[in-house]
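The values are calculated or read from the model by the stated rules, or taken from the named source; none is laboratory data. On a predicted model such as this, the values are computed, not experimentally measured, just so you know. As a convention, Cβ positions derive from the backbone with ideal geometry for all residues, glycine included, and neighbour counts pool all protein chains shown. The area values use the complete protein model at the heavy-atom level, side chains included, leaving out ligands, DNA and RNA. Shrake-Rupley method; radii C 1.70, N 1.55, O 1.52, S 1.80 Å.
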Amino acid sequence: MNTLKSITKWTGAALACVLFFSSTTWAQSSSKLTDPEIASVAVTANQIDVNYGKIALRKSKNKEIRKFAETMIKDHTDIIKQAVALATRLHVTPKTNATTKSLLDGEKSTTKTLDSKRGKAFDEAYIDNEVAYHKAVINAVQNVLIPDATNQDLKDLLTKVMPLLNSHLEMAENTQAEIQGKKVSANTGGSSW
Amino acid sequence: MKNRKNKWISGVVLAGIITLAAAGCTSPGGQNNQAAAPEKDTVYIAGMKFKPAELWINQWDTVVWINNDIVAHDVTQFPDKTWSSDSIQPGQSWEKAFGDSVDYFCSIHPTMKGKIMIRQ
Ligand SMILES: [Cu+2]
């Protein structure tokens, strides 16, 4: 459990930043992941989105947000089940690694942010994060996990997940637009002119 | 002795599973028209898409949706949700006969849309 305790918080945060804000760099700089590491990253990445969804169901009263969160919980739970079933069948034990750790650190700070917000501010923070998170995960699956996977069944499962992630991103962006459309006062920064 | 009994039991359980699996292929839940000999038309669900997205059928043909995807989906009338399948789990199917053309979507993933059209 504590094998990665030596990694400082700063490193974790830095890795999280790299993952969330320039996943291409993350994709290129990271060394090749083994199949057990990929399984761990896949399960962790899915579990994190399930956890965000549970926070949303606990905190949001917005119908669109709640519906989106319910779908995230359902779908990502289904994927975890399939990933675990595949790992079991292949006798692969998911192995914690630096990427898993950075994902978990990212979750910790995002959860803190989400917990600190209420009402509409929460809804916006949640859906903004869902858009960013799905973009980062899509990038990582496409550019790192699929190319690094050696087992064909694992590669196939990751490939099958791509349309789902893309569709989640589209749904998140649609929900984001709806939430923003209902904004009462306009232009809180952002500058378009 | 005990071993033989166990073998026998596992044989029965296995047979039961096979029967259940076979039964699962003719899905419950939808309308089952055993009358005239209506045709069955299939829509596959895979990669977050209904395939084909537009299906032409003869009036009162039964359409079978087979979920070959990795997550559950549903088939729901668009846009008013006047009817809906329950969620169709991966590997499961659902069927319904149609007298009129209809638009439908997956209410879990609203980006997934499809159409059933009646041949004149
Ligand atoms: Cu769906």
**Asked** So what does A:THR93 come to for accessible area, using a 1.4 Å probe and Å² rounded to 10?
**Response** 110 Å²
**Asked** What does a probe at A:ALA85 reach in the range A:114-157, counting residues whose amide N is under 17 Å from the point 7 Å along Cα→Cβ?
**Response** A:153-157
**Message:** Probe radius 1.4 Å, ligands and nucleic acids left out: can you give me the accessible area buried at the A-B interface, summed over both chains, in Å² to the nearest hundred?
**Reply:** 1100 Å²
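Sort the range B:40-118 into rounded, prolate or oblate with this rule: let a ≥ b ≥ c be the square roots of the eigenvalues of the Cα gyration tensor; rounded if a/c is under 1.5, and if a/c is not under 1.5, prolate when a/b is larger than b/c, oblate otherwise.
It comes out prolate by the Cα gyration axes.
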**Asked** Just the accessible area per residue of the range A:31-174, please: how many Å² with a 1.4 Å probe?
**Response** 45 Å²
**Asked** Using heavy-atom solvent-accessible surface (probe 1.4 Å) with all chains present, what is the largest-first order of B:TRP65, B:TRP60, B:TRP83?
**Response** B:TRP60, B:TRP83, B:TRP65
**Complete:** Taking every C-alpha to C-alpha distance in the range A:22-117 and binning by 5 Å from 0, the per-bin percentages run 2, 13, 18, 20, 19, 15, 9, 4, 1
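Can you compute the FRET efficiency between A:ASP153 and A:LYS67 using 1/(1 + (r/R0)^6), with r the Cβ-Cβ distance and R0 = 35 Å? Round to the nearest 0.05.
That gives a FRET efficiency of 0.60.
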**Message:** At 1.4 Å probe size, with the rest of the protein present, what percent of the exposed accessible area of the range B:40-118 is carbon and sulfur atoms?
**Reply:** 48 percent
**Message:** Just checking the output field for A:159-171: average partner chain Cβ neighbours within 10 Å of each residue's Cβ?
**Reply:** 4
**Prompt:** In square angstrom, what is the accessible area per residue of the range B:40-118 with a 1.4 angstrom probe?
**Reply:** 42 Å²
